Amino acid sequence: QVHVVESGGGLVQAGGSLRLSCAVSGRTLSSYSMGWFRQAPGKEREFVAAVSWRGGSTYYPHSVKGRFTISADNAKNTVFLQMNSLKPEDTAVYYCAAGLTGGMIATAEYEYDYWGQGTQVTVSS
């Protein structure tokens, strides 16, 4: 069993920054894609960022490109999401997930197998 635990959420003013952390344990992670998703009340879960643990490549949707950065500390089995220039529309529960993809980066929800409990991010105007 792979365990995923997010932390670092909170309340921040628009234009501010926040860093989320994702601690992963249980298995060797080199064959996984690690991703961040978010879900606002009444809306579908949305892809935010992904990194291939094996290759180190990253991918972002247009909505966060240039503002968010995903990174991984392989020695500590920890993934980070640095969020800058935050907007009220970024308000959501943020989830970290791990997908067994053979090292290929993944952006779709169905490609991920293990999910954290979520951490709330609220951006005030």
Review point. Which value in nm describes the separation of the simple spin-label points at TYR110 and ARG45, placed 7 Å from the Cα toward the beta carbon?
Key: 1.3
Study note, to complete from the structure: Hydrodynamic radius by Kirkwood for the chain, inverse mean 1/r across distinct Cα pairs, in Å, is 14.3
Study note, to complete from the structure: For segment 34-103, the percent of accessible surface on carbon and sulfur atoms (probe 1.4 angstrom, ligands and nucleic acids excluded) is 48
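Round to the nearest 0.05 the FRET efficiency obtained for SER57 and SER7 when R0 = 30 Å and r is the Cβ-Cβ distance. All intermediate terms of the calculation are to be shown ahead of the outcome.
Details: r = 25 Å, r/R0 = 0.83.
E between SER57 and SER7, to the nearest 0.05, is 0.75.
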Check your understanding: In square angstrom, what is the accessible area per residue of segment 12-94 with a 1.4 angstrom probe?
Key -> 49
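The values are calculated or read from the model by the stated rules, or taken from the named source; none is laboratory data. All values reported here derive from a predicted model rather than from experimental measurement. Here the Cβ is made from the backbone with ideal geometry for all residues, glycine too, and neighbour counts use every protein chain on show. Heads up: the accessible areas ignore ligands, DNA and RNA and are worked out on the full protein's heavy atoms, side chains in. Shrake-Rupley method; radii C 1.70, N 1.55, O 1.52, S 1.80 Å.
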